Amino acid sequence: MWGGRFAEGPSAIMREINASIPFDKALWRQDIAASKAHVAMLGAQGIVSAPDAAIISDGLDRVAAEYEADGVPEDWDLEDIHMTTESRLAELIGPVAGRLHTARSRNDQVATDFKLWVREALDQVDAGLDLLQRALVTRASEHAASIMPGFTHLQTAQPVTLGHHMMAYYEMARRDRSRFADARVRMNESPLGAAALAGTGFPIDRNATATALGFDRPSNNSLDAVSDRDFALDYLMAAAQCSLHLSRLAEEFIIWASQPFGFVRLPDTLSTGSSIMPQKKNPDAAELVRGHAGRIIGCATSLMVTMKGLPLAYSKDMQDDKPPVFEAASLLALSIAAMTGMVTGTTFRTERMRQAAELGYATATDLADWLVTQADIPFRQAHHITGAAVKLAESKGAALDELSLEELQTIDSRIDGRVFAALSVEASVAARSSHGGTAPEQVRLRVAEARTALGME
Ligand code: ARG
């Protein structure tokens, strides 16, 4: 494609290091679509004759049909998907194929193809997160009143409802979706027509190609258009944050599935056994979601580091933009699907969760609050009195509400029999009815809003 100026061909090493076809063949659909939009515009503008434009367009359809049937051939000499397609087009339709590359460069071509690919990836993530949210909302509505210990420092803190816990992840997924949606709006400007870096003297119509490819408008600056990989970085950073949420959810399932916790039975379909220990059921899918988050975060880091020192406009380093994006996209899709399956298929051992809340002194704050509201004791003092009650209960191996009134009164005489109503885990969660609190009525409100937002009604 550039032999005119060279006396010798590339060495084997050059061919190998230069070849992006092993991975950028994933862009073939986008490459064909962008080329068809380009040649239609060249024809409409009279830059290429209408019959030639039609021959080229039909030829591109034939190349696409071959790729669809047999896959994309990998010839390192042709470097990338752009040259592979053009070379096959020339074999099929002859020298007229050479007119396709008028008023464009691989620099605007690759930016366009890659953007189209990332745009589709964004839409796929959004659909996956929609399913995950539905699963979370469904389980939350089943367990709006199921009580479990809430933790801080992974130490029992206050009772919460399992539905509330599930809805926390719904909120994270909601923000993730808005980050992807945001990225989609920002990226939707067409680089096509920026040519190598400076624009072109041919009378092209950039609005026409932008519209044909579903972009909102052409990009404003040709140097930026071919140098910009913000769209890939926006995607990767949103993906990294999303994977971090999935990893935290996975981590919770892993902890909950451990025998000392015993809060859940994970679905067999997302667990594995041990080849030596017959009793084992390991949470491998969740562990891999946790592991994949590390790789996805690595992908985002990788592309940032690739881009950070590049002068304008295109440098070949930018060919390395695609592997991290492709890798992150497939890892993220799998992770979302695995966690959706886990949320849907897990059995929650609600009796055990409730016991854990009772035995962990999770209602100590309720005792302190009761001393404030019913005995007019300042909170700091109430906190101290309650601490003494917990110490006494702990020494007897009892729950707080298993202490007798006499025992409680030895700690503070102002405590009376009404206190027991406040010490149950049910009373504790029911009391936390502020907006966004864990009370079942609040969880049901949030679930109803979420169902409406997701169109589940
Ligand atoms: N294979 C290249 C890539 O993926 C295509 C762009 C090549 N442009 C150039 N000026 N060498 O980035």
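Every number here is computed from the coordinates shown, using simple stated rules; none is lab data. Keep in mind that this is a model prediction, so the values were computed, not measured. Cβ: placed from backbone, ideal geometry, glycine included. Neighbour counts: every protein chain shown.
The lysine pair count for the chain, using Cα distances under 23 Å and pairs eight or more places apart or on different chains, is 11.
Summing +1 for each Lys or Arg and -1 for each Asp or Glu among the other residues whose beta-carbon sits under 15 angstrom from that of Phe231 gives -4. 3J(HN,Hα) along region 274-289: 10, 6, 10, 9, x, 7, 6, 9, 9, x, 4, 4, 5, 5, 6, 4 Hz, from the Karplus curve 6.51 cos²θ - 1.76 cosθ + 1.60 with θ = phi - 60°, whole Hz, x for Gly and Pro. Placing unit charges on each Cβ (+1 for Lys and Arg, -1 for Asp and Glu) gives the chain a dipole about its Cα centre, and among Ala97, Pro73, Thr373 the Cα reaching farthest toward its positive end belongs to Thr373. If the chain linking Thr211 and Ser11 were pulled fully straight, counting 0.36 nm for each residue of separation and taking away their Cα-Cα distance, it would gain 67.8 nm.
Could you pull out the longest piece of the chain with no exposed loop chymotrypsin sites (Phe, Trp or Tyr not before Pro) in it, calling a site exposed if DSSP puts it outside H, G, I, E, B and it has at most 10 other Cβ atoms within 10 Å? Each step should come with its number before you reach the end.
Values: sites that count: Trp2, Phe6.
It runs 7-457.
The distance linking region 102-150 with region 227-287 is 17 Å (Cα centroid to Cα centroid, whole angstrom). If I fit a long axis through the Cα atoms of helix 106-142 and take the longest principal axis of the Cα atoms of the chain, what angle between them do I get, 0 to 90°, rounded to 10? Roughly 20 degrees, rounded to the nearest 10. Using only the alpha-carbon atoms, how far is helix 364-375 inclined from the longest principal axis of the chain? Give it as 0 to 90 degrees, nearest 10. For helix 364-375, the angle is close to 60 degrees.
The trypsin sites (Lys or Arg not before Pro) of region 30-120 include none that DSSP puts in a loop with a beta carbon having at most 10 other beta carbons within 10 Å. For the chain, the residue among Gly46, Gly262, Ala183 whose Cα projects farthest onto the positive side of the dipole built from Cβ charges is Gly262.
For region 338-357, backbone nitrogen atoms closer than 16 Å to the point 7 Å from Thr269 Cα along Cα-to-C-beta are found at 338-348.
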